[in-house]
Amino acid sequence: MGAETEEGKFREIDINFLDKGGDESFDIFYQTETFGTIKYVLFASTDPKHQDKVKRLLEDGTDQDFYIHEEDLFKYYKYATKSLKAMVSNPDIPLKEKTEKIYEVSKGVMKEFFENNTSEKILEASEEVMDMMEDCMTTAEAGFHGIAAITSKDYYTYTHSVNVGLYCMTFGVKSKMSKNDTRQLSLGGMLHDVGKSKIDHALINKSGKLTDEEFEQMKFHALAGGDILTGMKCYTHNVVRMAAEHHEKYKGGGYPNGIQGEEIHRYARICKIMDVYDALTTKRSYKKALSAFDTLIIMKKQMSNDFDPDLLNSFIGLMGPDL
């Protein structure tokens, strides 16, 4: 059964995440192209007999790409997180493989939100995923270098969001924060830029420096982020304030409210450090990625007024001797 349709209505999936089964099922499609027209052809329906086709495919292996309808994204991510949990609890699977898979799902969630205008509800999937990453990294006692090894070095809003969440999580773990505090800090880091979903895409993706007028537009994302997370009514005050205050500066002059020092929430002060660190160590269309060492020199010497000095020193200390 084939149907000519808009490409934007379908999303590519990693079919390997479906190997553990789940409580819900959904139609799976493959893509064909005839005379320049893309069609999505049903491969397996929700019928149990059709789902057996998926199991056989997973056993045999395939390079075929598969897709689901966008309305089934929430069901898919339930499958993905269930599969990840089984992977994380398996001692025979290497840590690197586990963390790479968790990172892949995290990127998928944030990419859907930022680039495909998916409902804000999808952000709830990020909570479970970050919990699993914390379990992995805590068990392995991995530090910032372990995280840096799996993060994307090309800057996109969705990869940056996941990277900042992971750096915040690592800071919490290495600083011996409680599990609950680390959880909130990492989640707030991952969601700190959600307000950018309200900013024009052309502005977000602009190559080069923003004009003064464009920068004023961009500044709106901090307030918008706080409003989005408040409106969802499932995030703590700590997480909301990270979105709203991560562009405030310790010595003042930041935005949106120009608060300073300890008026800025502690988690937001941590998030600001991780936000700038990731931005400087990833590649943009108009700049090269800096090394960890060069980045910390710039943050310490040229941007010292922006950060809580005690937290910045703690971060540098936790980075260890391998800079």
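The values are calculated or read from the model by the stated rules, or taken from the named source; none is laboratory data. Please read all numbers here as calculations on a predicted model, not as lab measurements. Here the Cβ is made from the backbone with ideal geometry for all residues, glycine too, and neighbour counts use every protein chain on show.
Name the residue that is modelled with the lowest pLDDT, counting only residues in region 266-305 that are of a type in the set (Asp, Glu) and in contact with a helix residue (DSSP H, G or I) (Cβ under 7 Å, 6 or more places away or on another chain). Quick ask: steps written out before the conclusion?
Start the filter on region 266-305 by keeping residues that are of a type in the set (Asp, Glu), which leaves 275, 278, 294.
Those left that are additionally in contact with a helix residue (DSSP H, G or I) (Cβ under 7 Å, 6 or more places away or on another chain): 275, 278.
Working: ASP275: 97, ASP278: 94.
Among those residues, the one meeting the criterion is ASP278.
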Considering (1) surrounded by fewer than 17 Cβ atoms within 10 Å (Cβ to Cβ); (2) free of Cβ contacts under 8 Å to residues at least 40 places away in the same chain; (3) on the phi < 0 side of the Ramachandran plot, say which one GLU245 fails and leave the rest.
(1)
Of (1) of a type outside the set (S, T, N, Q); (2) under 26 Å from LEU123 (Cβ atoms); (3) loosely packed, with under 13 Cβ neighbours inside 10 Å; (4) in the same structural domain as ASN16 (by TED's automatic domain parsing), ALA86 satisfies all except one. Which?
(4)
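Within region 149-178, how many residues are polar (S, T, N, Q) and part of a loop (DSSP other than H, G, I, E, B)? So that I can check it myself, show each step before the final result.
First pass over region 149-178, keeping only residues polar (S, T, N, Q): 151-152, 157, 159, 161, 163, 170, 175, 178.
Adding the requirement that they be part of a loop (DSSP other than H, G, I, E, B) leaves 151-152, 175, 178.
Qualifying residue count, region 149-178: 4.
Would it be correct to say that ASN257 is touching a residue at least 12 places away in the same chain (Cβ under 8 Å) and under 21 Å from LYS196 (Cβ atoms)?
Working: touching a residue at least 12 places away in the same chain (Cβ under 8 Å): yes; under 21 Å from LYS196 (Cβ atoms): yes.
Criteria met by ASN257.
Based on what the data block shows, is TYR267 of a type outside the set (Gly, Ala, Ser) and under 20 Å from SER161 (Cβ atoms)? So that I can check it myself, show each step before the final result.
Details: of a type outside the set (Gly, Ala, Ser): yes; under 20 Å from SER161 (Cβ atoms): yes.
It is true that TYR267 is of a type outside the set (Gly, Ala, Ser) and under 20 Å from SER161 (Cβ atoms).
Identify, please: which residue in region 5-20 is of a type in the set (Asp, Glu) and at pLDDT 80 or above and is, among those, nearest to LYS85 (Cα to Cα)?
First, pick out the residues of region 5-20 that are of a type in the set (Asp, Glu): 6-7, 12, 14, 19.
Next, only the ones that are at pLDDT 80 or above stay: 12, 14.
Details: GLU12: 21, ASP14: 16 Å.
Among those that are of a type in the set (Asp, Glu) and at pLDDT 80 or above, it is ASP14.
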Residue check for ASN305: out of contact with any Gly (no Cβ under 6 Å at 6 or more places or on another chain), exposed (fewer than 13 other Cβ atoms within 10 Å of the Cβ), outside any loop (DSSP other than H, G, I, E, B) and not basic (Lys, Arg):
no
Going by the structure shown, is GLU248 assigned to a helix (DSSP H, G or I), more than 18 Å from PHE171 (Cα to Cα) and either assigned by TED's automatic domain parsing to the domain that holds PHE171 or at pLDDT 95 or above (or both)?
no
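Which of the residues belonging to region 153-169 are aliphatic (A, V, I, L, M) and closer than 15 Å to TYR267 by Cα?
Initially, region 153-169 is screened for residues aliphatic (A, V, I, L, M), giving 162, 164, 166, 169.
Selection gives VAL164, LEU166, MET169.
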So, in region 106-122, of the ones that are aliphatic (A, V, I, L, M) and crowded, with 23+ Cβ neighbours inside 10 Å, which residue ends up farthest from TYR77 (Cα to Cα)?
MET110
Could you list, ordered by first residue, the pairs with Cβ atoms under 6 Å in which the first is in region 183-197 and closer than 11 Å to GLY226 by Cα and the second is aromatic (Phe, Trp, Tyr), at least 6 apart or interchain?
GLY188/TYR267
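For residues that are free of Cβ contacts under 8 Å to residues at least 12 places away in the same chain and among the acidic types (Asp, Glu), scanning just region 57-92, find the one that is farthest from VAL41 (Cα to Cα).
Within region 57-92, the subset free of Cβ contacts under 8 Å to residues at least 12 places away in the same chain is 59-61, 63, 71, 89-92.
Still in the running and among the acidic types (Asp, Glu): 59-60, 63, 71, 92.
Details: GLU59: 22, ASP60: 21, ASP63: 17, GLU71: 17, ASP92: 37 Å.
Here the residue is ASP92.
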Could you pull out the residue among LEU123, LEU210 that is of a type in the set (A, V, I, L, M, F, W, C), modelled with pLDDT of 80 or more, assigned to a loop (DSSP other than H, G, I, E, B) and in the same structural domain as ALA243 (by TED's automatic domain parsing)?
LEU210
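Hey, among the residues in region 305-320 that are of a type in the set (S, T, N, Q) and in contact (Cβ under 8 Å) with a residue 40 or more places away in the chain, which one's farthest from HIS145 (Cα to Cα)? Even if it seems obvious, please write down each step before you answer.
Going through region 305-320, the residues of a type in the set (S, T, N, Q) turn out to be 305, 313-314.
Filter again for in contact (Cβ under 8 Å) with a residue 40 or more places away in the chain, leaving 305, 314.
On the way: ASN305: 26, SER314: 16 Å.
Checking each candidate, the answer is ASN305.
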Residue match in region 88-107 (condition: modelled with pLDDT of 85 or more and among the small types (Gly, Ala, Ser))
yes
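Conditions tested, residue by residue: (1) touching a Ser or Thr at 6+ places or on another chain (Cβ under 6 Å); (2) touching a residue at least 40 places away in the same chain (Cβ under 8 Å); (3) surrounded by 15 or more Cβ atoms within 10 Å (Cβ to Cβ); (4) of a type in the set (A, V, I, L, M, F, W, C).
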{"position": "GLU216", "(1), (2), (3), (4)": "no, no, no, no"}
{"position": "GLY253", "(1), (2), (3), (4)": "no, yes, no, no"}
{"position": "ALA279", "(1), (2), (3), (4)": "no, yes, yes, yes"}
{"position": "SER285", "(1), (2), (3), (4)": "yes, yes, no, no"}
{"position": "LYS288", "(1), (2), (3), (4)": "no, no, no, no"}
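Being without any contact (Cβ under 8 Å) to a residue 40 or more places away in the chain, farther than 30 Å from LEU312 by Cα and aliphatic (A, V, I, L, M): is that true of MET169 here?
On the way: without any contact (Cβ under 8 Å) to a residue 40 or more places away in the chain: yes; farther than 30 Å from LEU312 by Cα: no; aliphatic (A, V, I, L, M): yes.
Taking the combined requirement at face value, the residue does not satisfy it.
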